[in-house]
Amino acid sequence: MKSMILKLNKSFYYGYVIIVISAMTYFLSAPGQTYSISVFIKVYIEEFGYSSTLISTAYSIATLISGGLLVFMGKLVDRFGVKRMLVFVVIMLGFTTFFNSFVSSIYMVFFGFFLLRYFGQGSMTLIPGVLVPQWFEKNRAFAMSIASIGGLLSMLLVPSLNLWLISTLGWQNAWRVWGLVLVVGFVPVIVLFTQNQPEDLG
């Protein structure tokens, strides 16, 4: 695979592929973002009879804890590299969405919120912010702004997509669809095309 990447790099700068992967990462952080989870929160309130206050409190505490622990993810990225940790984080977020399809108590809902926020909103926005600057110096801000379009598109499209999935397949299967997209769809892309830094290509 590296030989193919080296051939591609002769035709155009491979950093642009990294921008696309980073944009995809921002987009697929959606399961852990507020604009996506809020759709499922409404379902939980209707399904389990929880009060909005209880759900909001669980969500806020989970977000606070996940944010505080994000520093450890940063240390792991520095230690093991972006590619390995991105594969790990995407797999964990995929499994998290499957977990959320089985929640049946407020404790499971809370733990699901924590995992979604930690691996989705936290880790999957942290890693592209580390990856893109490795590939760009003069045009670093421009490259980051292009990659961030993935997050903008996610914000625009995912709430409606979630509503459609829930109304069509049910909320449990909607979570499972996200898991399949992440694990089956995105992980192979990362494994095949992500490189930590230009020096890895010589």
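The values are calculated or read from the model by the stated rules, or taken from the named source; none is laboratory data. Bear in mind that the values here come from a model prediction, so they are computed numbers and not experimental data. Glycine also receives a Cβ, built like all others from the backbone with ideal geometry; neighbour counts cover every protein chain displayed. Side chains are part of the model used for accessible areas, which takes the heavy atoms of the whole protein and leaves out ligands, DNA and RNA. Shrake-Rupley method; radii C 1.70, N 1.55, O 1.52, S 1.80 Å.
Given R0 = 30 Å, the distance between the Cβ atoms of residue 108 and residue 152 translates into a calculated FRET efficiency of 0.45.
Under 18 Å from a label point set 7 Å out along the Cα-to-Cβ vector of residue 197, the amide N atoms of the stretch 78-93 belong to 78-86. Principal axis extents of the Cα atoms in the chain, from largest to smallest and rounded to whole angstrom, are 58, 35, 26. In a fully extended conformation the segment linking residue 161 and residue 184 would gain 6.4 nm over its present Cα-Cα distance, using 0.36 nm per residue.
Within the accessible surface of the stretch 1-140, defined with a 1.4 Å probe on protein heavy atoms only, the carbon and sulfur portion equals 65 percent. Solvent exposure of the chain amounts to 49 Å² per residue of accessible area, where only protein heavy atoms count and the probe is 1.4 Å.
Modelled this way, with points 7 Å down the Cα-to-C-beta line, the labels at residue 99 and residue 61 are 1.6 nm from one another. Spatial offset of the stretch 111-133 relative to the stretch 64-80 amounts to 9 Å, using the alpha carbon center of each. Of the candidates 110, 95, 12, which one comes out as most mobile in a Gaussian network treatment of the chain with C-alpha springs shorter than 10 Å? Checking each option, the largest mean-square fluctuation is seen for 12.
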